[in-house]
Amino acid sequence: MILLVQERAVPVGAKSKIDVNLRHFPKPYWNYLLVAALFGIGNSSTSFLILQTKGIGASFEATILIYAGFNLVAALISYPADSHSDQWGRRRVLLLSFIIFFIAYLGFARAKSVPLIATLFVFYGLFQGIFRSVGKAFASDFVPERLRASGVGWYSTTVGLFGGKHCCWAALGPDRPCGRVLLRLNLCRSGQYWTACVGSRDRTIIPRRR
């Protein structure tokens, strides 16, 4: 059908241009990105947890089901988390997510059975869903309304760049020394990010009802 459609060129004048001037973003926004980057450096990739699940003895099919449950929980919690962050504040909801993160990784460090690590993996999906959605909303609260999309874009870039560097480390397996170091480092980074969030000012903007 696309091949049968003829498109005519229409001259259109440019109404706007891309502005990449980083000075338009306030300092608290960059501080938040710095904290997110530090957490990303200390956090391991989900691939590491998948390999740990396999290493404990889960079958290939069971690992897929566990990972599917993790993604399902992360998807289902995203909207309620954002909705509650509008009422309770982004900072409080993010702190809750890092409590979940701490408990989950403490369990991962000690888990020796498939049912336990499956439960922890699905429980960890709560953190992922809350962190992804509320983290972006919190980033947008630091910037003017006209820069909201750009603010979310830089935040996503930061999380993506600093959050994916452990993929090659995870390939070595959770039973290696570096794997144990990552588990301990994740727990430390959780506390560090928690402290930074507590020290930051909650800039959640709740529109007034008319």
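The values are calculated or read from the model by the stated rules, or taken from the named source; none is laboratory data. Since this is a predicted model, take the numbers as computed values, not measurements. Positions of Cβ are generated from backbone atoms using ideal geometry, with glycine treated the same way; all protein chains shown enter the neighbour counts.
Out of curiosity, is residue 122 in a helix (DSSP H, G or I), at pLDDT below 90, out of contact with any His (no Cβ under 9 Å at 6 or more places or on another chain) and not small (Gly, Ala, Ser)? Give the derivation first.
Details: in a helix (DSSP H, G or I): yes; at pLDDT below 90: no; out of contact with any His (no Cβ under 9 Å at 6 or more places or on another chain): yes; not small (Gly, Ala, Ser): yes.
So residue 122 fails the test.
Just a yes or no: is a residue in segment 85-93 more than 30 Å from residue 153 (Cβ to Cβ) and part of a helix (DSSP H, G or I)?
no
The conditions are (1) buried (at least 21 other Cβ atoms within 10 Å of the Cβ); (2) without any contact (Cβ under 8 Å) to a residue 60 or more places away in the chain, and residue 105 fails exactly one of them. Which is it?
With respect to (1) buried (at least 21 other Cβ atoms within 10 Å of the Cβ); (2) without any contact (Cβ under 8 Å) to a residue 60 or more places away in the chain, residue 105 is out only on (2).
Return yes or no: is residue 159 at pLDDT 90 or above, crowded, with 21+ Cβ neighbours inside 10 Å, hydrophobic (A, V, I, L, M, F, W, C) and in a helix (DSSP H, G or I)?
no
Among the candidates 97, 140, 113, 133, single out the residue that is more than 20 Å from residue 40 (Cβ to Cβ) and of a type in the set (Ser, Thr, Tyr). Write out each step before concluding.
On the way: 97 fails: more than 20 Å from residue 40 (Cβ to Cβ); 140 fails: more than 20 Å from residue 40 (Cβ to Cβ); 133 fails: more than 20 Å from residue 40 (Cβ to Cβ).
Sole residue among the options that is more than 20 Å from residue 40 (Cβ to Cβ) and of a type in the set (Ser, Thr, Tyr): 113.
Six or more apart or on different chains, Cβ under 7 Å: which pairs go from a residue in segment 140-158 that's under 17 Å from residue 37 (Cβ atoms) to one that's among the aliphatic types (A, V, I, L, M) and assigned to a loop (DSSP other than H, G, I, E, B)? Could you list them?
Hits for this filter: 151/143.
Could you tell me which numbered condition residue 97 fails, if it satisfies all but one of (1) surrounded by fewer than 17 Cβ atoms within 10 Å (Cβ to Cβ); (2) over 21 Å from residue 54 (Cα atoms)?
So residue 97 meets the others, but not (1).
Could you tell me whether segment 118-125 includes any residue that is of a type in the set (Phe, Trp, Tyr), crowded, with 20+ Cβ neighbours inside 10 Å and touching a Ser or Thr at 6+ places or on another chain (Cβ under 6 Å)?
No.
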